[in-house]
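**Student:** Right, I'll just put the structure down here and ask away after.
The values are calculated or read from the model by the stated rules, or taken from the named source; none is laboratory data. Predicted model only: the values in this text are computed from it and were never measured. Every residue, glycine as well, gets a Cβ built from its backbone with ideal geometry; the counts of neighbours run over all protein chains shown.
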Amino acid sequence: MPELPEVETVVRQLRQPCVGQRIADVTLRWPRHIATLSPRQFKSRIRDQKIQSLHRRGKYLVFSLTNDFLLIHLKMSGDLQVLPKATPRGKHAHTIFHFANDQELRFSDTRKFGRVYLVADPEEVTGPLGPEPLARNFTAGKLFNILTARHRPLKPLLLDQTVIAGVGNIYADESLNRARLHPQKRSDSLTRAEARTLWRSLRHTLNLAIRHNGSSIDTLYRGGEHQNYFRAYDREGEPCYNCGAPIQRIVLGGRSTHFCSDCQTL
DNA sequence: TAAAATGTTGGGTA
DNA sequence: ATACCCAACATTTT
């Protein structure tokens with residue numbers, strides 16, 4: 001369930017049932033989920049810590065605990081749900097946090113790419129991340145500076161988490177279509193006006209997707225409905241909403257890329 | 001069957 | 001230092 005709007009949706013759904021809960025124990029059915037510490041150390045160190053708050057940084061969920069920070073990255077297929085302990089567990093619920101009440105937090109992850117971190121300082125994990133695109137201080141001018149500081153095609157640049165945090169394959173394509181910018185256009189070729197257009201498109205796209213509770217695709221259906229509003233992603237051959245020309249699909253940096261070759265200009 | 005799927009990272013090469 | 005490509009991670013679905 002990964003990109004910024006989906007992670008934000010999960011955070012909002014988990015906050016109420018998680019904050020204030022004490023973690024009584026953890027079950028590790030796929031120990032490689034744990035990215036820091038040995039499974040044994042992880043279990044003993046997290047036990048009896050309380051969840052004090054929960055927020056999102058890029059695509060990471062950041063749980064503030066009594067003494068440490070618990071970070072979870074869902075990668076391609078991860079999902080988190082708080083459910084009564086009596087609810088039957090799915091086949092892919094690999095890591096389970098048992099609360100002191102009658103509920104538990106389940107990290108389900110079909111492809112097992114997801115990772116769990118327990119650290120004293122969240123910066124140990126999120127340190128390399130670029131700015132939050134929805135932050136108040138992320139201005140069009142800041143984006144212009146970021147773009148012109150490198151010489152890279154826009155699409156791979158938007159996917160680079162150290163440049164901007166949280167944008168993934170869907171929302172990169174969506175933002176570029178809305179901004180009418182070609183995914184291979186060089187980042188340092190944008191005018192200030194074009195950078196401002198991309199800034200507005202990116203923020204609009206992400207905010208709209210959050211309003212729709214994210215996108216539900218590829219077997220992960222959790223109530224999100226933004227997949228019904230895609231303008232480019234997964235719309236190969238269908239008409240561009242800007243100009244009517246068919247959406248093209250190419251592969252860039254190993255990732256499928258959808259765009260309109262008529263109105264998204266280089 | 002081969003290919004692709006909301007992601008990241010490490011290695012090798014320009 | 002910067003940019004770029006590919007394989008790897010593991011599983012399911014089309």
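**Student:** Quick check on my filter: what residues within the stretch A:200-222 are assigned to a helix (DSSP H, G or I) and under 18 Å from the mean Cα position of the chain (by Cα)?
**Tutor:** A:Ser201, A:Leu202, A:Arg203, A:His204, A:Thr205, A:Leu206, A:Asn207, A:Leu208, A:Ala209, A:Ile210, A:Arg211
**Student:** Another question, then. Among residues belonging to the stretch A:147-169 that are among the β-branched types (Val, Ile, Thr) and touching a helix residue (DSSP H, G or I) at 6+ places or on another chain (Cβ under 8 Å), point out the one that is nearest to DNA strand B (Cβ to nearest atom).
**Tutor:** Per the stated criteria, the residue is A:Val167.
**Student:** Anything in the stretch A:10-31 that is within 16 Å of DNA strand C (Cβ to nearest atom) and assigned to a helix (DSSP H, G or I)? List them, or say none.
**Tutor:** A:Pro31
**Student:** How many residues are under 21 Å from A:Val7 (Cβ atoms) and either modelled with pLDDT under 95 or not in a helix (DSSP H, G or I) (or both) when one looks only at the stretch A:155-187?
**Tutor:** 9
**Student:** Also: Hey, can you tell me all the residues within the stretch A:114-138 that are free of Cβ contacts under 8 Å to residues at least 60 places away in the same chain and near DNA strand B (Cβ under 9 Å from one of its atoms)?
**Tutor:** Listed by number, the list holds a single entry, A:Pro128.
**Student:** Filter the stretch A:139-168 for residues that are in contact (Cβ under 8 Å) with a residue 60 or more places away in the chain and under 20 Å from the mean Cα position of the chain (by Cα) and give the result.
**Tutor:** A:Lys155, A:Pro156, A:Leu159, A:Gln161, A:Ala165, A:Gly166, A:Val167, A:Gly168
**Student:** Still on this structure, I have one more. Can you tell me which residue among A:His73, A:His98, A:His94 is farther than 30 Å from A:Arg203 by Cβ and within 12 Å of DNA strand C (Cβ to nearest atom)?
**Tutor:** A:His94 is the lone residue from the list that is farther than 30 Å from A:Arg203 by Cβ and within 12 Å of DNA strand C (Cβ to nearest atom).
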